[in-house]
1. For segment A:128-140, check the following and say yes or no: at least one residue is more than 25 Å from A:Thr210 (Cα to Cα), open to solvent by less than 50 Å² (accessible area, probe 1.4 Å) and not in a strand (DSSP E or B).
2. Is at least one residue of segment A:98-113 open to solvent by 70 Å² or more (accessible area, probe 1.4 Å) and either among the aliphatic types (A, V, I, L, M) or in contact with an Asp or Glu (Cβ under 7 Å, 6 or more places away or on another chain) (or both)?
3. Cβ-Cβ under 9 Å, sequence separation 6+ or interchain: first residue in segment A:277-297 and polar (S, T, N, Q), partner at pLDDT below 90 and open to solvent by 50 Å² or more (accessible area, probe 1.4 Å). Which pairs?
4. For A:Tyr247, work out the one condition from (1) of a type in the set (Ser, Thr, Tyr); (2) within 26 Å of the chain's Cα centre (by Cα); (3) buried (at least 21 other Cβ atoms within 10 Å of the Cβ) it doesn't fulfil.
5. For segment A:180-221, how many residues are outside any loop (DSSP other than H, G, I, E, B) and either over 24 Å from A:Leu26 (Cα atoms) or not aliphatic (A, V, I, L, M) (or both)?
6. Are any residues in segment A:207-218 out of contact with any Pro (no Cβ under 6 Å at 6 or more places or on another chain) and either more than 7 Å from chain B (Cβ to nearest Cβ) or of a type in the set (Ser, Thr, Tyr) (or both), and if so, which ones?
7. For A:Leu144, are the conditions met, namely being within 19 Å of A:Glu12 (Cβ to Cβ) and within 14 Å of chain B (Cβ to nearest Cβ)?
8. Pairs, please: C-beta under 7 Å, at least 6 apart or cross-chain, first residue closer than 10 Å to B:Ser24 by Cβ and in segment B:47-67, second crowded, with 20+ Cβ neighbours inside 10 Å and of a type outside the set (Val, Ile, Thr)?
Amino acid sequence: MKKQKKLIRLAEMILESVCQLKQQHLRKVQSQLENFCQKCTDVSKDSHLFDVAVERNWSGAAEKIRLRISRNLSDFAFDLQRLKEVIDVDRPAQPKLSDVFAEFNQIERDLGQLNVDLKEGVLSVITDPITLDDISLGSFEIKLNIGAICRLYIESPYRIIALEPNPAGSNENVTHPHVSEEYLCEGDGHVPIRRALEEGRVCDFFTMITQILQTYNPGSPYVALKDWDGYSCYDCGYTVGTDDSYYCENCNESFCDECSGYCKICDDTLCRGCLRECPDCLEPVCKHCIKPCQECERGVCTDCLEENICQTCIENRKENEDEETKPNESNVPMSNASV
Amino acid sequence: MQIMYINNAGGGFANYMDIEENTSIETLFSQKMPNEESHDYLIRVNRQPVPKDYCLKENDRVTITPTKIDGARPVLQNRPRH
């Protein structure tokens, strides 16, 4: 009995929200009509001014008004079209309390348990575990916020919550190919879902959401199922499979082949950002394999150091030694020079 | 006679419509959804599944819902985030 009362209260809340939604639509029509009437008034005023200008032979003024009318007429066609779109929408009749109540019974029969949170004004249904292309995505809770139905044209009144989430490897907010940050991309279901909510057909609403969750559209997913276990390269964002991603132990992130490399000394895999280039051999090395030269204090790879001295300093040293051993022209004896 | 027809495919409209007496649900489906297979849809009359030879009655409520609906990443989103 208590549950029945709860459901009746909930049905009343749905009716209130649907009624507010209808009122919003009427206000939109009102606003469009006012806007259109204003445009008509502007044309009428311009027509009068044009008459005056022509009668008084003010050709310059007449030409200006003509151009303004021409410009306004271009907008006029657009405004008329918008008004027609808004006014042509057939608003469904307000559902009855008994209809909405019958929807609840049908939900329990077709979709399983209906969860009601009267305080929060939330109605929810839990789907069966969903598997698409052999990828298990777990069950989802479809949470409909009754109070938000009246804002249907502004924001989505429902959320899709993964109960045993198996998010995409490249984006943990994508829990289903068509769900991101708890929002469902309705695709072909957009219009019928909206119509169902406008008419208080909550069972149809939950059924259609369930059908979308059980269907995979490879043409336009947030993350394609074939890339589900992949990782997004931390650097360039490219999605790569588990086997093609490289983990940088320095920054603890995954990278694609292009954005990663390995240290030529220790063979550790690192991202391009964490690898350094040895100034002597120009090869990529990790920070652990770079040591300062004792003479010039430049960091070079350990392969380029000989007794803690870099190749450049060794070469400089050799050159200096050669110069020292080279016979100085000033030391050459005069007698030999004359010969 | 008049029935309530709710089509959750495409436009998702719900409206009253006139049909001939003794029209079966199968006939109605083939009239309304030509080129479509009935097994791709959940067909309910008065919120209950019915056999295909079920004869529609005055004021019946017929609902047709696709079993597969393609979701998609939207081009324009009607929400503040993302």
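1. no
2. The answer is no, given that none of the residues of segment A:98-113 is open to solvent by 70 Å² or more (accessible area, probe 1.4 Å) and either among the aliphatic types (A, V, I, L, M) or in contact with an Asp or Glu (Cβ under 7 Å, 6 or more places away or on another chain) (or both).
3. Within 9 Å, the pairs are A:Gln294/A:Glu307; A:Gln294/A:Asn308.
4. (3)
5. Result for segment A:180-221: 22.
6. Across segment A:207-218, the qualifying residues are A:Thr207, A:Ile209, A:Thr210, A:Leu213, A:Gln214, A:Thr215, A:Pro218.
7. no
8. B:Leu56/B:Leu28
The values are calculated or read from the model by the stated rules, or taken from the named source; none is laboratory data. The shown structure was predicted, so the numbers you read here are calculated from the model rather than taken from an experiment. Cβ atoms come from the backbone with ideal geometry, glycine included; neighbour counts cover every protein chain shown. Calculation scope for accessible area: heavy atoms of the full protein, side chains included, ligands and nucleic acids excluded. Shrake-Rupley method; radii C 1.70, N 1.55, O 1.52, S 1.80 Å.
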